[in-house]
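Everything below concerns the one structure shown next.
The values are calculated or read from the model by the stated rules, or taken from the named source; none is laboratory data. Remember, predicted model here, so these are calculated numbers, not experimental data. Cβ placement follows ideal geometry from the backbone for every residue including glycine, while neighbour counts extend to all protein chains displayed. To get the accessible areas, we keep the full protein, side chains included, count just its heavy atoms, and leave off ligands, DNA and RNA. Shrake-Rupley method; radii C 1.70, N 1.55, O 1.52, S 1.80 Å.
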Amino acid sequence: MFPETIFKYIQSSEADYQTRSVTIGENWLWNMQKHVQMIFHLKNGVFFTGDNDFSRIFKSVMEPIIELANWTEDLEVKDVEFFIEGKEDRALSFLVKKYHDEVYTREHNLDELFDEVTEDDNTYGGVLVDTLNRKKRPKAIPFTKIAFCDQTDVLGGPIGLKMYFSPSKLRKMEAQGWGKEENGASGSIEDLISLADFKKDGEGMKEGNQENDTPGKNIEVYIVRGDLPQDYLDDSGDQTIQKQLQVVAFYTNQKTRKKEGFCLYRKRETKETLKFFTANPVPGRGLGRMVGEKMLHPQVFSNFLEIHKMNMLKAGAKSPLVTDDETFTDKNKVQDMEDNEIMTVQEGRTVKRISTAAIENIQIYQQSADALLEQAQFSGEAFDPIMGKEPKSGTTFRGQERTVAQGRGAHDRRRGKRAKFLEQLYREDIIPEIVRELANGKEFMAKLDLSELEWVADKLAIKEANSRIKKALIQEGKITTEEEKEFIKNTVKENYLKGGSQKLLKILKGELKDIELRIGINIAGKQKDLAGLSDKILAIFEFIFANPQGFQQAMKLPGMEDNFNKILEFSGVSQTAFSSLLNETKQSLPNPPQSPQPQQNLDIQPQAV
């Protein structure tokens, strides 16, 4: 049964998330908030419980192994390759690639998204990505921002995110419809700012537990998505479940000193805007088991051993004395003595030093700590060769190479899984946004290399020539000869190439309407065997260099040029790099019967791409 208001629902759900555990197995209770907080503390070199005043030694085991996994499994934007899935899509594919590489990647910092996916997954066992804002790139949500969710399945039920906004940042959200009466708001954003406090909770901390005072106002905001009663949308009392988006703020009533709710936005939501991924899921719980969790026991008990070893060293650093001379301390103040100072002892009595810490005991602690570190390396696939340690004497280079390759096996597998998730983000969110921007007449400057210039110039020349031929046929009834067509193409191409390598590219607004872009995405070689395709490319080069005439003859056969272009695209090599070679092939074809030379006063101007 849902509480009567969205405000009570948020407060009760957050309390349950922080205090209740879910049953996963016969002897396995798990709480997601505690799990996240423990890893959050230990990864950053801070004890989860006890004193954190640097009086206890902290041996960092978790962080370096997580960072090694992040480095080994790193994905970058340069790992993204596009390839066409239809011959007619090649020009559009070229524009999407250029816009992605030279504009979208830089403006939206996609490298940061790739890092967020890898780092969150390795650390906490998953990554939660928000794709709501189409004008910005998908963004990973820190798990410390989650106020509540279904602990058995992160996106299996309503999920609430807790954030703090400064007044200036909150005002920017007016553009998203926050604080507007037509969107179900309790009042304006300015009304809420006037009620805000100068306090905020720590990152992921329990509500009201040691709040932090801040020099400026901070507004506590909950963003809730999921299936909730219709009553939460329109106060109708209707308990029909609807998918919705709720934005709710809380403030402290200065008279009653109680927290009260303030609705900023509430609407039905039709699109799935959150995506979750984990490379190693665990049945029955929301987060997978990744490097961060595998390091919990080695980290906790390494600290335990180091603390006890340090206490033993502190005891060993002391040199207590024992004597059977009752008058010794009256005659000698050992703590105040200088070196080589003479002491007096009664005849027949002795002074002895007490051994406080045996070296053997300290060595036992050290051996246990080393064993834990070795266990941590094994659990995190952080084997010595990957960590850069020198191989054992006698290890051959080939043997070392094989050891490194084998040690990277688990890392490569997780990297491949994340590549598939990023492909999904590209296909469902990033590529559609790029196409939308291009379809709206987006202009952008792109630097084209020589082969790309040649290819674009050829396409422009063909487009202009065909346009002129149609115009002459329709308006004048004139049939353009092959020589006239070639003259038009050469003139357009020459004019285009004179402009240098920096080109302003643009698709006319509406030109892509009702056109489906069939473009393939290959990330980190997960979708296609790039090594095998590279071998094929090498074989093609060897054939071309050995028999260029034979290659040109082969390209004249029906379908050969199209298949050659597909091999290039699948290999991540742009067909523009081979445009001049293919042009030579076409120019070697027999020319049609010559017609009279056309006049040279044609006015040729290239159209926009």
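Can you confirm whether region 378-395 contains a residue that is surrounded by fewer than 13 Cβ atoms within 10 Å (Cβ to Cβ) and at pLDDT 65 or above? Looking for residues that are surrounded by fewer than 13 Cβ atoms within 10 Å (Cβ to Cβ) and at pLDDT 65 or above, one finds at least one in region 378-395, hence yes. Of the set (1) open to solvent by 30 Å² or more (accessible area, probe 1.4 Å); (2) touching a residue at least 24 places away in the same chain (Cβ under 8 Å); (3) within 21 Å of I146 (Cβ to Cβ), all apply to E81 but (3). Looking at K471, K478, K489 in this structure, which one is outside any helix (DSSP H, G or I), more than 29 Å from I434 (Cα to Cα) and modelled with pLDDT of 75 or more? When all the criteria are applied, what remains is K478.
For region 318-333, give me each residue that is in a loop (DSSP other than H, G, I, E, B) and within 10 Å of T350 (Cβ to Cβ). Don't jump to the end; show me each part of the working.
Looking only at region 318-333, we keep the residues that are in a loop (DSSP other than H, G, I, E, B), and these are 318-320, 324-327, 332-333.
D324, D325 - these are the residues of region 318-333 that are in a loop (DSSP other than H, G, I, E, B) and within 10 Å of T350 (Cβ to Cβ).
Of all residues in region 426-452, those that are open to solvent by less than 80 Å² (accessible area, probe 1.4 Å) and of a type outside the set (F, W, Y) total 17.
Scan region 28-50 and give yes if some residue there is surrounded by fewer than 12 Cβ atoms within 10 Å (Cβ to Cβ), without any contact (Cβ under 8 Å) to a residue 60 or more places away in the chain and either among the small types (G, A, S) or in contact with a strand residue (DSSP E or B) (Cβ under 7 Å, 6 or more places away or on another chain) (or both), otherwise no. For region 28-50, residues surrounded by fewer than 12 Cβ atoms within 10 Å (Cβ to Cβ), without any contact (Cβ under 8 Å) to a residue 60 or more places away in the chain and either among the small types (G, A, S) or in contact with a strand residue (DSSP E or B) (Cβ under 7 Å, 6 or more places away or on another chain) (or both): present.
Would you be able to tell me the number of residues in region 292-309 that are open to solvent by less than 20 Å² (accessible area, probe 1.4 Å) and either under 13 Å from H35 (Cα atoms) or free of Cβ contacts under 8 Å to residues at least 12 places away in the same chain (or both)? Of the residues in that region, 2 qualify. Please enumerate the residues belonging to region 451-486 that are closer than 20 Å to V103 by Cα and among the aliphatic types (A, V, I, L, M). Result: L453, V456. Looking at (1) more than 23 Å from R268 (Cα to Cα); (2) modelled with pLDDT of 90 or more, can you tell me which one G184 breaks? Just one mismatch for G184, condition (1). The condition of being in contact with a strand residue (DSSP E or B) (Cβ under 6 Å, 6 or more places away or on another chain) and hydroxyl-bearing (S, T, Y) holds for only one of Y164, Y124, that being Y164. Among the residues of region 247-265, how many are more than 12 Å from E220 (Cβ to Cβ) and over 29 Å from the mean Cα position of the chain (by Cα)? Counting residues in region 247-265 that are more than 12 Å from E220 (Cβ to Cβ) and over 29 Å from the mean Cα position of the chain (by Cα) gives 7. Within region 174-185, residues that are aromatic (F, W, Y) sit with their Cβ atoms under 7 Å from residues that are part of a helix (DSSP H, G or I) and surrounded by 14 or more Cβ atoms within 10 Å (Cβ to Cβ), at 6+ positions apart or across chains, in these pairs: W178/I189.
Out of L155, L128, report the one residue that is in contact with a Phe, Trp or Tyr (Cβ under 8 Å, 6 or more places away or on another chain), touching a residue at least 24 places away in the same chain (Cβ under 8 Å) and open to solvent by 50 Å² or more (accessible area, probe 1.4 Å).
On the way: L128 fails: open to solvent by 50 Å² or more (accessible area, probe 1.4 Å).
The conditions single out L155.
Within region 145-165, can you find the residues that are in a helix (DSSP H, G or I) and acidic (D, E)? First the steps, then the outcome.
If we filter region 145-165 for residues that are in a helix (DSSP H, G or I), which is where we start, we get 145.
Within region 145-165, no residue meets the criteria.
From the list N52, N31, N70, the one residue that fits, being of a type in the set (S, T, N, Q) and under 17 Å from D115 (Cβ atoms), is N70.
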